[in-house]
1. For Ala47, state whether it is within 20 Å of the chain's Cα centre (by Cα) and either of a type outside the set (Ser, Thr, Tyr) or surrounded by 10 or more Cβ atoms within 10 Å (Cβ to Cβ) (or both).
2. Starting from the stretch 1-27, take each residue that is among the β-branched types (Val, Ile, Thr) and list its partners that are in a helix (DSSP H, G or I) and surrounded by 10 or more Cβ atoms within 10 Å (Cβ to Cβ), counting only C-beta distances under 7 angstrom and pairs at least six apart or across chains.
3. Which members of the stretch 20-74 meet the condition of being polar (S, T, N, Q) and within 30 Å of Lys7 (Cα to Cα)?
Amino acid sequence: MNDLVSKYNSLEATAQKEVNDFVEFLLSRQKKKPAKKLSDYKKKILAVSVWSASDVKGLKKGQKLFDKWTAKEW
């Protein structure tokens, strides 16, 4: 271990940064994400917004106005 530390210390600052970045990369690959629970999925599904009939009516009105709009010619 002392040999490794002495080699690391003999590197230039940029090379030490590369070593640090590589070690971080290896550690991030090693970490395993915990398996998601079905209850978490259900909570996300239940949190999805629902549009009322008046919401849809407003969108349809906007769509009709948008369809009537014409682009200016050059």
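1. Working: within 20 Å of the chain's Cα centre (by Cα): yes; either of a type outside the set (Ser, Thr, Tyr) or surrounded by 10 or more Cβ atoms within 10 Å (Cβ to Cβ) (or both): yes.
So Ala47 fits the description; yes.
2. Val19/Tyr8
3. Those that are polar (S, T, N, Q) and within 30 Å of Lys7 (Cα to Cα): Asn20, Ser28, Gln30.
Where a number appears in this text, it was derived from the coordinates with a stated rule and is not lab data. Given the structure is predicted, the values throughout are model-derived calculations rather than measurements. Methodologically, a virtual Cβ is constructed for each residue, glycine included, from the backbone with ideal geometry; neighbour enumeration extends over all protein chains shown.
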